[in-house]
1. If we count every other residue with Cβ under 14 angstrom of Pro150's Cβ, Lys/Arg +1 and Asp/Glu -1, where does the sum land?
2. Once the Cα atoms of helix 169-178 and of the chain are each reduced to a long axis, what angle between those two axes, in degrees from 0 to 90 to the nearest 10, is obtained?
3. Just to verify a number: FRET efficiency for Arg160 and Asp40, C-beta to C-beta distance, R0 = 22 Å, to 0.05?
4. 222 nm [θ] for the chain, helices only, -39500 (n - 2.57) per DSSP H run of 4+, per residue, to 500?
5. Give, in nm to one decimal, the length gained when the segment between Asp74 and Arg91 is fully stretched (0.36 nm per residue of separation minus the Cα-Cα distance).
6. For the Cα atoms of the chain, what angle does the longest principal axis make with the long axis of helix 41-54, in degrees from 0 to 90, nearest 10?
7. Between segment 25-47 and segment 110-156, how many Å separate their Cα centres?
8. Evaluate the charge dipole of the chain about its Cα centre and quote only its size in Debye, nearest 20, assuming +1 on the Cβ of each Lys and Arg and -1 on the Cβ of each Asp and Glu.
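Values in this text are rule-based calculations from the coordinates and carry no lab data. From a predicted model like this one, the values you see are computed outputs, not experimental measurements. So basically every Cβ, Gly included, is an ideal-geometry build from the backbone, and we count neighbours across all protein chains shown.
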Amino acid sequence: MSADTGVVVGEDGLARPTWASSDPLMRDYYDTEWGMPVRDEQGLFERISLEAFQSGLSWATILRKRPAFRTAFDGFDPEVVAAYGDDDVERLMADAGIVRNRAKILATIGNAAATVRLREDGGLVDFVWSFQPEQTPRPRTIAEVPTRSPESLALSKALRARGFSFVGPTTMYALMEAVGIVDTHLLDSHRRGSSGVWEEHSG
């Protein structure tokens, strides 16, 4: 790894950050999904849910459990999840395939209901994307990648006001990175600019 760039060049000749360079699952996620725009309600609700479950854990852990999460939460269909009752909570708490954290499970159900309510006011996608900043970071090293921003703080506050929980500013910044609202790919990464959201001459 070059100290100047923070990237690792893989056997395929492509440069990636350290966190995406060794684990095949993380590498595939980085190469195909991370940082690409998510503009559908169900997809965005899933990401918000998984980011909440990730709190205090590694993303690799969540990614490995993602198929089980999707099965357990009915594909993260907000209407279905919003209707979950006590029996569903106990079912989820007994599911070894997911992260069995009652507070996070209850937050996901509450966030589903909040997502459905947001449809009356433009919907979750437009709401979250309205916090896109005017410029995106241009990090050369991992140390230069922010962990929160004024926009992620504002998004956090706005979502809390709409009834969401487990949506702190650091978690929301991770969401913004994951769904393409900001581009924090390192400048020397082969994925820099791949989202199409940001022109490279901007920022």
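1. So the surrounding residues net to 0.
2. The angle comes out at about 70 degrees.
3. Calculated transfer efficiency: 0.45.
4. Value at 222 nm, helices only: -14000 deg cm²/dmol.
5. Result: 4.9 nm gained on full extension.
6. The helix 41-54 is inclined about 80 degrees to the chain.
7. 14 Å
8. 540 debye
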